[in-house]
Amino acid sequence: MEYFIQQLVNGLTLGSIYGLIAIGYTMVYGIIGMINFAHGDIFMLGGFAALIIFLVITSIFVGLPVVILLLIMMAAAMLTAALWNWTIEKVAYRPLRGSFRLAPLITAIGMSITLSNFIQVTQGPRNKPIPPLVSSVYNVFGISIALKQIIIVLLTVILLTVFWYIVNKTSLGRAQRATEQDRKMAALLGIDVDRTISITFIMGAGLAAVAGTMYLMYYGVAVFSDGFIPGVKAFTAAVLGGIGSLPGAVIGGLLIGLIESLWSAYFTIDYKDVATFSILAIVLIFKPSGILGRPEVEKV
Amino acid sequence: MSDTLLSVQGVETYYGNIRALAGVDVEVKKGEIACLIGANGAGKSTLMMTICGSPQARTGSVIFEGRDITRMPTHEIARLRIAQSPEGRRIFPRMTVYENLQMGASLDNLKYFNEDVEKIYTLFPRLKERQAQRGGTLSGGEQQMLSIGRALMARPKLLLLDEPSLGLAPLIVKQIFDAIKVLNQEQGLTVFLVEQNAFAALKLSDRAYVMVNGKVTMRGTGKELLANPEVRAAYLEGGRH
Ligand SMILES: Nc1ncnc2c1ncn2[C@@H]1O[C@H](COP(=O)(O)OP(=O)(O)OP(=O)(O)O)[C@@H](O)[C@H]1O
Ligand SMILES: [Mg+2]
């Protein structure tokens, strides 16, 4: 039983990270109907930005409190990731809006390869380690919970709350939802559609960058290929939850995190990804639009 | 000429290679109600959308308050206070009635929202009853009311209505036409509307245009066109007299 709960805690942590990344996929899909395949690499870039700023800062100032360090790392990651995502939307995706459906998808794959190769060339192909930042572990009824796990889950809850508020209660969020539902009508009401789409890319990148920083803190390494596997898993989470749905992205992320840790715990770790994708396939057979996805029929 | 609010001059609009507007000239003066009638596919909705820059005119120009807006992006045109209730109503289906109305008031960042929404609810009490319902689940007529209400929330200088009576029960149609008249007379709102219900529209209008195949073929006051035998034959026979 303790072992099981232990795995739940681990799964929840991982799932939080996937959920944060998945939101970026799902929001961009919602608003312009494309899969931003470079989003996983945005997450990876965030991790690298955090790592680099960490190395720079710690070489200048010694003995900074960890909280301050983490905040600086997240800020740097968010800034870098947002700038990059904003730029690729503007130069690579926007000109293709309204062309055939595969064009932006292919471009996105190109952007993904570009970014991961760029990091591979400039940062090297090997794992880059970071010293453990947060190493306290608490023992609660025989279950060990690391402080870094608490940080990750807590931060995710906070960010999701803020995010939920923005999307549902502010004029920016309304503009985003309006643009998503009927771009032309939004423009007729004075909404700057291009700007709204840019902001969406920036918001998605911000969350992915936080996830990147957390991932770095959790595993202690960054590597150029991190954009791929966690990226694809987060994408799977978005599809599993129902692409286009924000709560769906979070639920999908948590599910994937849990499936992964429980499978590794009770069966063989080698097949954990197979398990994840099998579950995806099974869910999509019975509910093609995902867990919270809306069926495509609607009276308009 | 100083009282001309909108002037469309020699406008041609294309969808790909298809020419939907073939040199249209239309004028709407401040404080009047103008209407545009014509058969299906004549290009009426295209003209309404071209005024809003979506699609943009390929040649000719659209002048609003003396300013050339032909090449302006749609959202900037909206900010000049041209509001449209477009063809097909285009309600945001997954937003509530209330949120749809809030979208209408985006220009002023909801500054006058509370005050204005009460006016809309007085005009269409139905919307108040339904305010928490999602737009996509409203009946066709309710969506029509919402679309008009949303356009009015923008505090427009020029209100474009594309077939406001479409799908509405006769009583509601009368209500809407009465409302348009009241808004026009009491607040000096300028209205340019497209109508299939030619009789009611011509009766209401100070100025009227007939469009055929992307061209304006007749123009005059509402009364003149009502009395015109050609118009009667093509658009009014079988209608209410
Ligand atoms: N998006 C589009 N792509 C291609 N052709 C279009 C498009 N929209 C309209 N058209 C064509 O342009 C012409 C004018 O259409 P428009 O919708 O302006 O007519 P309308 O006068 O509003 O007709 P109705 O009374 O049926 O609403 C039609 O022949 C129509 O087929
Ligand atoms: Mg039409």
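Could you say whether any residue in the stretch B:71-79 is in contact (Cβ under 8 Å) with a residue 24 or more places away in the chain and either touching a Pro at 6+ places or on another chain (Cβ under 7 Å) or within 13 Å of B:Ala151 (Cβ to Cβ) (or both)? Yes.
Would you mind finding the one in B:Val191, B:Val210 that is at pLDDT 90 or above and either more than 16 Å from ligand 2 (Cβ to nearest atom) or out of contact with any strand residue (DSSP E or B) (no Cβ under 8 Å at 6 or more places or on another chain) (or both)? Lay out the reasoning, then the answer.
Details: B:Val210 fails: either more than 16 Å from ligand 2 (Cβ to nearest atom) or out of contact with any strand residue (DSSP E or B) (no Cβ under 8 Å at 6 or more places or on another chain) (or both).
Every option except B:Val191 fails the conditions.
Is it fair to say B:Leu127 is touching an Asp or Glu at 6+ places or on another chain (Cβ under 8 Å), in a helix (DSSP H, G or I) and either in the same structural domain as B:Arg58 (by TED's automatic domain parsing) or closer than 18 Å to B:Phe92 by Cα (or both)?
Values: touching an Asp or Glu at 6+ places or on another chain (Cβ under 8 Å): yes; in a helix (DSSP H, G or I): yes; either in the same structural domain as B:Arg58 (by TED's automatic domain parsing) or closer than 18 Å to B:Phe92 by Cα (or both): yes.
Here the answer is yes, as B:Leu127 does meet what is asked.
Of the conditions (1) surrounded by 13 or more Cβ atoms within 10 Å (Cβ to Cβ); (2) of a type in the set (A, V, I, L, M, F, W, C); (3) without any contact (Cβ under 8 Å) to a residue 40 or more places away in the chain, A:Val134 fails just one. Which one is it? The one condition A:Val134 does not meet is (3).
List the helices (runs of 4 or more DSSP H) inside the stretch B:132-241, counting only whole elements, that have at least 2 residues being of a type in the set (S, T, N, Q), out of contact with any Pro (no Cβ under 6 Å at 6 or more places or on another chain) and more than 16 Å from ligand 1 (Cβ to nearest atom).
On the way: elements: B:140-152, B:170-187, B:198-204, B:222-227.
Because the criterion is at least 2 residues that are of a type in the set (S, T, N, Q), out of contact with any Pro (no Cβ under 6 Å at 6 or more places or on another chain) and more than 16 Å from ligand 1 (Cβ to nearest atom), the helices (runs of 4 or more DSSP H) in the stretch B:132-241 that meet it are B:170-187.
Among the residues of the stretch B:13-30, at least one is at pLDDT 95 or above, surrounded by 22 or more Cβ atoms within 10 Å (Cβ to Cβ), of a type outside the set (Ser, Thr, Tyr) and more than 16 Å from ligand 2 (Cβ to nearest atom).
When the stretch B:61-84 is limited to residues that are within 16 Å of ligand 1 (Cβ to nearest atom) and of a type outside the set (A, V, I, L, M), the one that is nearest to the chain's Cα centre (by Cα) turns out to be B:Gln84. Within the option set A:Gly227, A:Gly190, A:Gly206, being modelled with pLDDT of 90 or more and under 12 Å from the mean Cα position of the chain (by Cα) holds for one residue only, A:Gly206. Restricting attention to the stretch A:150-177, the residues that are within 11 Å of chain B (Cβ to nearest Cβ) and among the hydrophobic types (A, V, I, L, M, F, W, C) add up to 2. A:Arg174 - would you say it is over 21 Å from A:His39 (Cα atoms), part of a loop (DSSP other than H, G, I, E, B) and basic (Lys, Arg)? Taking the combined requirement at face value, the residue does not satisfy it.
Quick one: which of B:Leu152, B:Leu146, B:Leu160 is within 24 Å of B:Glu99 (Cβ to Cβ) and within 16 Å of ligand 2 (Cβ to nearest atom)? Can you show your working first?
On the way: B:Leu152 fails: within 16 Å of ligand 2 (Cβ to nearest atom); B:Leu146 fails: within 16 Å of ligand 2 (Cβ to nearest atom).
Selected residue: B:Leu160, the only one of B:Leu152, B:Leu146, B:Leu160 that is within 24 Å of B:Glu99 (Cβ to Cβ) and within 16 Å of ligand 2 (Cβ to nearest atom).
For the stretch B:52-104, taking the residues that are in a loop (DSSP other than H, G, I, E, B) and within 16 Å of ligand 2 (Cβ to nearest atom), the one that is nearest to the other protein chains (Cβ to nearest Cβ) is identified as B:Arg90. Using beta carbons and a limit of 7 Å, which pairs, at least six apart or on different chains, have the first residue in the stretch A:178-196 and more than 7 Å from chain B (Cβ to nearest Cβ) and the second one modelled with pLDDT of 95 or more and not in a helix (DSSP H, G or I)? Listed by first residue and then by second, the contacts come to A:Thr179/A:Ile191. Go through the stretch A:35-90 and give me each residue that's surrounded by fewer than 20 Cβ atoms within 10 Å (Cβ to Cβ), on the phi < 0 side of the Ramachandran plot and not in a helix (DSSP H, G or I). A:Ile35, A:Phe61, A:Val62, A:Leu64, A:Pro65 - these are the residues of the stretch A:35-90 that are surrounded by fewer than 20 Cβ atoms within 10 Å (Cβ to Cβ), on the phi < 0 side of the Ramachandran plot and not in a helix (DSSP H, G or I).
Before we move on, is A:Gly24 at positive phi and either part of a loop (DSSP other than H, G, I, E, B) or in contact (Cβ under 8 Å) with a residue 24 or more places away in the chain (or both)? Step through it out loud before you land on a result.
On the way: at positive phi: no; either part of a loop (DSSP other than H, G, I, E, B) or in contact (Cβ under 8 Å) with a residue 24 or more places away in the chain (or both): yes.
Answer is no for this residue.
In the stretch B:1-28, the residues that are closer than 10 Å to B:Leu47 by Cα and among the basic types (Lys, Arg) never reach a residue that is modelled with pLDDT of 95 or more and surrounded by 15 or more Cβ atoms within 10 Å (Cβ to Cβ) with C-beta atoms less than 7 angstrom apart, at least six apart or across chains.
The values are calculated or read from the model by the stated rules, or taken from the named source; none is laboratory data. Quick caveat: nothing in here was measured; it's all calculated off a predicted structure. Positions of Cβ are generated from backbone atoms using ideal geometry, with glycine treated the same way; all protein chains shown enter the neighbour counts.
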